[in-house]
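See structure below.
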Amino acid sequence: MNSPRQTPEGASDAAWSGYCREPQPMTDNRPMTAAQETTLRTLAHVAYELDAFDPNLTRTEADERIAMLTAKLTRPYGPPHTL
């Protein structure tokens, strides 16, 4: 069900339109950041997924792999290497 966006009472349409933007897809093709590299390297080691780390990943690819490894490591059953 798509309902039209309604402007809150007292807010101008121009001010409110910037607040209610549609989500943009992740399309960052720049190289991953140093923080992402460190996080991904650590998670790959802890999860026994050394192939998950690639130094040439984009920021988007690194985010996806970090999310995957984090989800794998937070599962409540069994150690990570049994998944």
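Where the eigenvalues come from the Cα gyration tensor of region 28-82, what are the semi-axes √(5λ) of the equivalent ellipsoid, largest first, in whole Å?
Gyration-tensor ellipsoid for region 28-82: 21, 10, 8 Å.
With the crude spin-label approximation of a point 7 Å out along Cα→Cβ, what separation in nm comes out for HIS45 versus GLU64?
2.6 nm
All of the numbers you see were taken from the coordinates with simple rules; none came from a lab. This structure is a prediction, so every number in the text was calculated from the model and none was measured. Neighbour counts are summed over all protein chains in view; Cβ atoms, including those assigned to glycine, are modelled from backbone coordinates with ideal geometry.
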